[in-house]
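Single-structure report; data block below.
Only the coordinates and a few stated rules stand behind these numbers; no lab work does. Because the structure is a prediction, the values reported are computed rather than measured. As a convention, Cβ positions derive from the backbone with ideal geometry for all residues, glycine included, and neighbour counts pool all protein chains shown.
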Amino acid sequence: MQLAGVCGAGGSLRTQSSLCASCSQLINLKTSWQTEGRRRGGRAQEEEKWVPCTKLGRLVQQGKIKSIEQIFQHSLVIKEYQIVEFFLGSALKDEVMKIMPVQKQTRAGQRTRFKAFVVVGDFDGHVGLGVKCAKEVATAIRGSIILAKIAIVPVRRGYWGNKIGKPHTIYTKVTGKCGSVSIRLIPAPKGAGIVAAGTPKKVLQMAGIADVYTCSTGSTKTLGNFVKATFYALSHTYGFLTPDFWAETYFVKSPMQEFTDFLAKPYKAYEPAHVEEKPAY
């Protein structure tokens with residue numbers, strides 16, 4: 001995991017004296033997050049068995065659905081982050097874009113919580129964004145990662161000129177807007193690179209885009225809105241009906257309809273373990 005950005009209250013991460021009281025726990029965040037599993041004696045590495053709670057999760061676990069593109073094709077709602085982990089696995093990376101303290105005035109005083117912005121992607125056409133607010137930084141990051149995996153979307157990539165090699169840029173011009181921030185993505189030739197500010201550049205890299213031009217307006221210093229606008233623009237890449245999608249398509253049954261008989265059967269979460277009987281002496 002990578003930690004990007006600065007303290008939301010305006011302080012830097014250089015010295016403890018320059019931090020506000022509510023952000024002092026951010027100093028050792030990265031070290032404590034990486035060594036969490038070792039301090040628990042390696043328990044973090046022992047993942048619990050996934051028990052799906054939805055019909056889609058059952059189909060994925062039993063191998064009825066072969067790829068995550070099949071889920072996107074039928075517009076099925078992903079409600080379990082384990083589904084995304086099942087298909088993308090170790091290729092999925094996450095990055096903390098910003099952690100900012102937010103306060104609420106109550107009768108007892110100000111209540112401070114932490115808001116985390118996390119972007120996940122496999123650098124190959126899939127990206128997600130998660131935002132979570134919690135009392136502790138680690139809880140906010142953990143929740144943001146889960147929400148980002150659930151909100152993952154496909155990104156359509158294409159070519160600027162001749163179709164040589166792998167797709168390297170976005171297919172068409174797209175625009176995303178959040179608050180006052182608006183960003184426009186424009187296809188670019190090979191070798192141009194990602195011509196963008198630091199915030200959207202990280203999101204575009206995790207989406208697997210190598211060359212693109214950008215044009216942003218509004219209060220781009222509001223990092224949360226800037227990240228959301230970039231994510232919305234990438235999610236619109238499959239919303240444009242280009243001529244290559246005009247061909248006649250044939251109806252394909254949804255997995256929910258195709259495997260109706262399988263889903264009608266009761267689901268057994270755990271199979272009874274075989275216990276060897278010891279001989280009596």
*Cross-link partners among lysines for Lys221, C-alpha distance below 18 Å, same-chain residues fewer than 8 apart left out?*
Lys98, Lys115, Lys177, Lys201, Lys202
*asked:* Please compute the modelled spin-label separation between Asp244 and Val77, points set 7 Å along Cα→Cβ, answer in nm with one decimal.
replied: 3.2
_Net +/- balance of residues flanking Lys115 in space, Cβ distance below 9 Å, scoring K and R +1, D and E -1_ = +3
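Can you check what the net charge comes to around Arg156, using other residues whose Cβ is under 13 Å from the Cβ of Arg156 (Lys, Arg +1; Asp, Glu -1)? Don't skip to the answer; put the middle values down first.
Working: positive: Arg157, Lys173; negative: Glu69, Asp124, Asp244.
Net of charged neighbours comes to -1.
For the range 157-243, what D do you get in µm² per second when you plug the Kirkwood radius from alpha-carbon pairs into Stokes-Einstein at 20 °C and 1.002 mPa s?
Values: Rh = 12.9 Å.
So the translational diffusion coefficient is about 167 µm²/s.
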*asked:* As a footprinting exposure proxy, order Thr249, Thr199 by other Cβ within 10 Å, with the fewest listed first.
replied: Thr249, Thr199
*At 0.36 nm per residue, minus the direct Cα-Cα distance, what do Ala138 and Ser90 gain on full extension? Give it in nm, one decimal, please.*
15.2 nm
*Sequence neighbours fewer than 8 away in the same chain don't count; with that in mind, list the lysines whose C-alpha is under 28 Å from Lys265.*
Lys49, Lys55, Lys64, Lys66, Lys79, Lys253
*Averaged over all directions, how much area does the convex hull of the C-alpha atoms of the range 126-166 cover when projected, in nm²?*
3.9
*Using the beta-carbon distance between Lys66 and Asn162 and R0 = 41 Å, what value does 1/(1 + (r/R0)^6) give for FRET efficiency, to the nearest 0.05?*
0.80
